[in-house]
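This is the structure I want to talk about, given as structure tokens.
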Amino acid sequence: MATILCVLFPDPEGGYPPKYARESIPAIAGYPNGQTVPTPIGPIGFKPGDLVGCVSGELGLRPYLEANGHKLIVVSDKDGQNSEFDRHLPEADVVISQPFWPAYLTAERFAKAKNLKLALTAGIGSDHVDLGAAAQHGVTVAEVTFSNSISVAEHVVMTVLSLVRNYLPSHEVANYGGWNIADCVSRSYDLEGMEFGTIGAGRIGLAVLRRLKPFDVRLHYHQRHRLSEDIERDLGLTFHPTPQSLVQVCDVVNLQVPLYPSTERMFDDAMFALMKPGSYLINTARGKLCDRDAVVRALKRGTLAGYGGDVWFPQPAPPDHPWRTMPHQGMTPHISGASLSGQARYAAGTLEILQNFLDGKPIRSEYLIVAGGALSGVGAASYGLK
Ligand code: NDP
């Protein structure tokens, strides 16, 4: 019998939804790179489209786990030494956590987690796990690669348009009974004809480029390895060998690289000083890729005309986090990858990984980040080893 400790975000303040806005979600057969969607064995314990990422949703895991004699503990209290998470950690064989509500698995916590064998991210992005400590303790780290990549790409496109068109302040004018057109449009532009660049053109970054092409923008990208000539030609991409080169020519910059030590604070005062005045920066990758206070300074100075995204540090962000109140921002809590559509896929992928782990079968290499004491699988490339 295994003990599975699952850390999920709290239920809606008004209670678990009795019904949903839509009756179903489209069935997605596969991902753009040919990878198949999750393939758990047997019934999944939820209806696709249900809210499964919160405490009452339990990722739909309880029926399978209890039928197979395992123990499921679900908590949302995760921070501080006396959190429920800390209290249960010593007995856990598996910890499941979502990037939206991360249970930070630090070296100290690994030392306490004597039984831990698998740290499973229900979603994508496992920087809340100390990967070095996981390797040292022989803990496997896995995430549900591609499950919510398109969900995030859609959020990026939404944020680009929201910031450039000045949608959010204009919506506020409508909400509060106003009609001052000049207030709404004095910061509103067309995206058409602008230079758009992404730093990181992997699963999400490339999906963003593909979605923005029909807007007649000129597309740029930077990452360490070039995309194929076919993709560059199809999308009319300009490759930049450094992020500095890209930010100097782009009007809108999207940040889509994983967080690991050498990408932390990629955007600091020096990087902002290179950007075109009045640029927009979108970050749905990780909050720590940007120097928190340098973002605020860039907005106040006008280097940035807007900053938007959904990732912060720490999470949940404290009420006085300056990104909540800085000007010209389109921030949300960390939601882009947690749409009900994304949840259905990452919950099914979590079940697939759990089933393989509990049955002693190999976990798909595209889900692995750390295994056998070292970076492993597709995650080895994402987290800096290539
Ligand atoms: P991928 O691994 O597919 O893509 C990341 C890209 O970043 C790769 O193409 C890689 O290319 C590039 N890259 C890595 N390191 C560097 C570097 N030092 N400099 C420049 N480019 C680099 O990841 P995804 O697209 O699936 O996800 C990206 C990130 O988005 C995740 O790590 C996660 O943090 C975040 N995310 C956020 C979500 C949300 O809900 N907001 C949900 C899902 C993911 P190369 O190796 O050639 O450099």
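Values quoted throughout were computed directly from the atomic coordinates according to the rules given, and no laboratory measurement underlies them. Everything numeric here is computed off the predicted structure, so don't read it as measured data. Please note: Cβ atoms are built from the backbone with ideal geometry, for glycine as well, and neighbour counts cover all protein chains shown.
Just want to confirm a number: the relative contact order over the range 203-255, from Cα pairs under 8 angstrom separated by 6+ residues, in percent. All intermediate terms of the calculation are to be shown ahead of the outcome.
On the way: 39 pairs, mean separation 18.4, N = 53.
Relative contact order of the range 203-255: 35 percent.
Here is a further query. Could you work out the mean projected area of the convex hull around the alpha carbons of the range 149-324, in square nanometres to one decimal?
For the Cα atoms of the range 149-324, the hull's average projected area reads 10.6 nm².
Hey, another quick one. Can you run phi through the Karplus equation (6.51, -1.76, 1.60; θ = phi - 60°) for the range 118-126 and list ³J(HN,Hα) in whole Hz, with x for Gly and Pro?
Each residue's phi maps through the Karplus curve to give 9, 10, 10, 8, 7, x, 10, x, 10 Hz.
Exposed loop sites here are GluC sites (Glu not before Pro) in DSSP loop states with at most 15 other C-beta atoms within 10 Å. What is the longest stretch of the chain lacking them?
Looking at the chain, 24-191 is the longest stretch - no exposed GluC sites (Glu not before Pro) with at most 15 other Cβ atoms within 10 Å.
With +1 on the Cβ of every Lys and Arg and -1 on the Cβ of every Asp and Glu, and nothing else charged, how large is the dipole of the chain about its Cα centre, in debye rounded to the nearest 20?
That gives a dipole near 400 debye.
What's the magnitude of the charge dipole for the range 236-386 around its Cα centre, counting Lys and Arg as +1 and Asp and Glu as -1 at the beta-carbon? Answer in Debye, nearest 20.
So the dipole magnitude of the range 236-386 works out to roughly 120 debye.
Another question, then. At a threshold of 8 angstrom on Cα-Cα distance, excluding pairs fewer than six apart, so keeping six or more, what relative contact order does the chain reach in percent?
Across the chain, relative contact order equals 18 percent.
Within the range 57-85, find all residues whose amide N lies under 17 Å from a label point positioned 7 Å from the Cα of residue 1 along Cα-to-beta-carbon.
62-74
Rounded to the nearest 0.05, what FRET efficiency is calculated for residue 189 and residue 226 with R0 set to 35 Å and r the Cβ-Cβ distance?
In this case the efficiency is close to 0.70.
At most 11 other Cβ atoms within 10 Å plus a DSSP loop assignment makes a site exposed; report the longest stretch of the chain without any exposed chymotrypsin sites (Phe, Trp or Tyr not before Pro).
That gives 180-386 as the longest site-free run.
When the label point is put 7 Å from the Cα of residue 270 along its Cα-to-beta-carbon vector, which residues of the range 218-244 have a backbone N closer than 15 Å?
Of the residues in the range 218-244, 242-244 have backbone N under 15 Å from the label point off residue 270.
Still on this structure, I have one more. Below 8 Å between Cα atoms, with a sequence gap of 6+, how large is the relative contact order for the range 149-324 in percent? All intermediate terms of the calculation are to be shown ahead of the outcome.
Values: 293 pairs, mean separation 34.8, N = 176.
So the answer I get is 20 percent.
I've got another one for you. Which trypsin sites (Lys or Arg not before Pro) from the range 170-247 combine a DSSP loop assignment with at most 12 other Cβ atoms within 10 Å? Please report the intermediate quantities before stating the final value.
Numbers: sites: 187, 203, 210, 211, 218, 224, 226, 233; in loops: 187, 224, 226.
Those satisfying the criteria are 224.
Still on this structure: With a Förster radius of 30 Å, plug the Cβ-Cβ distance of residue 68 and residue 20 into 1/(1 + (r/R0)^6) and report the FRET value to the nearest 0.05.
That pair, residue 68 with residue 20, gives E of 0.55.
Still on this structure: At 4 °C and 1.567 mPa s, what whole-number value in µm²/s does Stokes-Einstein give for the translational diffusion of the chain, with Rh from the Kirkwood sum over Cα pairs?
Value of D from the Cα-based Kirkwood radius: 59 µm²/s.
Right, something else. Cα-Cα pairs above 18 Å in the range 247-329: how many percent?
So the portion of pairs separated by more than 18 Å is 34 percent.
For the range 281-295, what does the Karplus curve 6.51 cos²θ - 1.76 cosθ + 1.60, with θ = phi - 60°, yield as ³J(HN,Hα) per residue in whole Hz, taken in order and with x for Gly and Pro?
10, 10, 9, 10, 8, 7, x, 6, 5, 10, 6, 3, 7, 5, 4
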